[in-house]
Amino acid sequence: MKSYILSKFEAGEVKTENGAVGWKMDDGEFRPLMKDALEELFEAGYITSATVQNTNNARDLYEEEMLMEYIMGQANRSEEQIAEERAEARAAFGPGQTISNMLTGETYVS
């Protein structure tokens, strides 16, 4: 039985964009494949080393853009969103716990 990624590649569900391979979402977003999937496709002879490199570069850029979008989204939360997130943290960790967001640096006590 073939692996998931090999089956999806053979079915034409893995798309190529600017020399990189990945998933094309319904909204047009292109999500470059992860390194493990690339390795499997390369070892099976479906993609070249240039495609691996292009995809790794595209993935790095994609992840950087997604992190920046997340950080900006966190900075622009409404008071209600912040209150809801903190209530969820209190429910999960209990009151009086120090909570830190590794990505934004925000720290607060639940």
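Scanning for something surrounded by fewer than 15 Cβ atoms within 10 Å (Cβ to Cβ) and assigned to a helix (DSSP H, G or I), does segment 16-31 turn up at least one residue?
No, segment 16-31 contains no residue that is surrounded by fewer than 15 Cβ atoms within 10 Å (Cβ to Cβ) and assigned to a helix (DSSP H, G or I).
Can you name the residue in segment 1-15 that is part of a loop (DSSP other than H, G, I, E, B) and in contact with a helix residue (DSSP H, G or I) (Cβ under 7 Å, 6 or more places away or on another chain) and, of all such residues, is farthest from Asn57 (Cα to Cα)? Don't jump to the end; show me each part of the working.
Initially, segment 1-15 is screened for residues part of a loop (DSSP other than H, G, I, E, B), giving 1-3, 11-14.
Next cut, in contact with a helix residue (DSSP H, G or I) (Cβ under 7 Å, 6 or more places away or on another chain) only: 3, 14.
Values: Ser3: 24, Val14: 17 Å.
Going through the qualifying residues, I end up with Ser3.
Give segment 5-15 a look and list any residue that's surrounded by 10 or more Cβ atoms within 10 Å (Cβ to Cβ) and farther than 19 Å from Glu65 by Cβ, or say none.
First pass over segment 5-15, keeping only residues surrounded by 10 or more Cβ atoms within 10 Å (Cβ to Cβ): 5-10, 13-15.
Within segment 5-15, Ile5, Leu6, Ser7, Lys8, Phe9, Glu10, Glu13, Val14 qualify.
Restricting attention to segment 82-97, which residues are in a loop (DSSP other than H, G, I, E, B) and either surrounded by 12 or more Cβ atoms within 10 Å (Cβ to Cβ) or outside the structural domain of Val109 (by TED's automatic domain parsing) (or both)? Show your work before the answer.
Within segment 82-97, the first condition is being in a loop (DSSP other than H, G, I, E, B), and the residues that meet it are 94-97.
Correct list: Gln97 only.
Condition check: surrounded by fewer than 14 Cβ atoms within 10 Å (Cβ to Cβ), out of contact with any Leu (no Cβ under 6 Å at 6 or more places or on another chain) and either among the charged types (D, E, K, R) or over 29 Å from Val109 (Cα atoms) (or both). Does Arg77 satisfy that? Walk me through it before giving the result.
Details: surrounded by fewer than 14 Cβ atoms within 10 Å (Cβ to Cβ): yes; out of contact with any Leu (no Cβ under 6 Å at 6 or more places or on another chain): yes; either among the charged types (D, E, K, R) or over 29 Å from Val109 (Cα atoms) (or both): yes.
Against the criterion (surrounded by fewer than 14 Cβ atoms within 10 Å (Cβ to Cβ), out of contact with any Leu (no Cβ under 6 Å at 6 or more places or on another chain) and either among the charged types (D, E, K, R) or over 29 Å from Val109 (Cα atoms) (or both)), Arg77 qualifies.
The values are calculated or read from the model by the stated rules, or taken from the named source; none is laboratory data. All values reported here derive from a predicted model rather than from experimental measurement. As a convention, Cβ positions derive from the backbone with ideal geometry for all residues, glycine included, and neighbour counts pool all protein chains shown.
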